[in-house]
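Scroll down for the structure; my scribbles are underneath it.
The values are calculated or read from the model by the stated rules, or taken from the named source; none is laboratory data. Predicted model, so just to flag it, every value in this text is computed and none were measured. Note that we place each Cβ from the backbone using ideal geometry, even for glycine, and neighbour counts take in every protein chain shown.
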Amino acid sequence: MPMKVADIRAMSLDQMDDEVLKLKKERFNLRFQRATGQLENTSRVRVVRRDIARLKTIAAQKRAGAPEPAAAAKPKAEAKPKVAKPKTEKPKSDKSKKPQSAKSRKTSASKAGAKKQTDAAKSKE
């Protein structure tokens, strides 16, 4: 289960660094398990990687002296409900096929020529 941001913010910088080191070791072991085919819980690799990023981000914020985000301190106001807009139909064009570029004409022509050669070889047999 991923680490919660509130739990991480409660840690000291030393605790965060220790936790990052522990998770890096776990990530290393998970990489070896995956390479040898012994890894059973493949989602754990993703969770560990994201936990490391989360810890490093919050540690960098603390080191920079940034205040905690206001969203964590105050709940957001209720959002207004969105009103669905009616969809308008677009007129369909008469063109059913896009014009080919010169390059695609050449490759399709060479494929057709190769097919004719193989058909001719089969008919000789």
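Observations on the structure shown:
- Helices (runs of 4 or more DSSP H) completely within region 1-72 that count 3 or more residues being without any contact (Cβ under 8 Å) to a residue 24 or more places away in the chain: 13-36, 43-64
- Among (1) surrounded by 15 or more Cβ atoms within 10 Å (Cβ to Cβ); (2) among the hydrophobic types (A, V, I, L, M, F, W, C); (3) under 22 Å from residue 67 (Cα atoms) - the single one residue 48 does not satisfy: (3)
- Of all residues in region 34-49, those being among the polar types (S, T, N, Q) and within 21 Å of residue 3 (Cβ to Cβ) number 3.
- Checklist (1) at pLDDT below 95; (2) under 24 Å from residue 68 (Cα atoms) applied to residue 42, failing item: (2)
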